[in-house]
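The block underneath contains the structure these notes are about, expressed in structure tokens.
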Amino acid sequence: MRGLKWVSANTVPVSRLNDEAVRREVPEQISLKLDGKQAAARTVNRQRAVLDNALDYAVELKALTANRVSKVDCAENGSRDR
């Protein structure tokens with residue numbers, strides 16, 4: 001039950017990803033560990049892949065019109081996904 005409370009308090013509705021400011025914050029947030037320190041590059045890449053797949057699924061379910069998060073620049077390495 002404690003885990004569900006944490007998830008509820010630390011997530012945003014998928015519909016908020018229509019807001020550009022939220023979309024830009026997501027890649028930055030998934031690059032951090034829970035203690036606020038930078039996660040390892042391999043971890044960040046895995047988390048971005050999981051997020052990308054989840055958002056593609058949200059598009060399939062019509063919860064989002066498009067997966068725009070994958071188009072946001074990755075600030076840490078200066079590269080761009082897709």
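Figures for the structure shown
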{"quantity": "Long-range neighbours under 6 Å by Cβ, at least six apart or interchain, first residue charged (D, E, K, R) within region 11-22, second surrounded by 13 or more Cβ atoms within 10 Å (Cβ to Cβ) and at pLDDT 85 or above", "calculated": "16/22"}
{"quantity": "Residue satisfying condition, being part of a helix (DSSP H, G or I), touching a helix residue (DSSP H, G or I) at 6+ places or on another chain (Cβ under 7 Å), surrounded by 11 or more Cβ atoms within 10 Å (Cβ to Cβ) and not small (Gly, Ala, Ser), within set 51, 64", "calculated": "51"}
{"quantity": "Qualifying positions in region 1-19 - modelled with pLDDT of 85 or more, loosely packed, with under 12 Cβ neighbours inside 10 Å and closer than 15 Å to residue 68 by Cβ", "calculated": "19"}
{"quantity": "Residues located in region 1-48, provided they are of a type in the set (A, V, I, L, M), within 11 Å of the chain's Cα centre (by Cα) and part of a helix (DSSP H, G or I)", "calculated": "14, 17, 22, 26, 30, 44"}
{"quantity": "Count - residues of region 28-82 that are of a type outside the set (Val, Ile, Thr), modelled with pLDDT under 85 and farther than 16 Å from residue 13 by Cβ", "calculated": "12"}
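The values are calculated or read from the model by the stated rules, or taken from the named source; none is laboratory data. Bear in mind the structure is a predicted one, so any value in this text is a computation, not a measurement. As a convention, Cβ positions derive from the backbone with ideal geometry for all residues, glycine included, and neighbour counts pool all protein chains shown.
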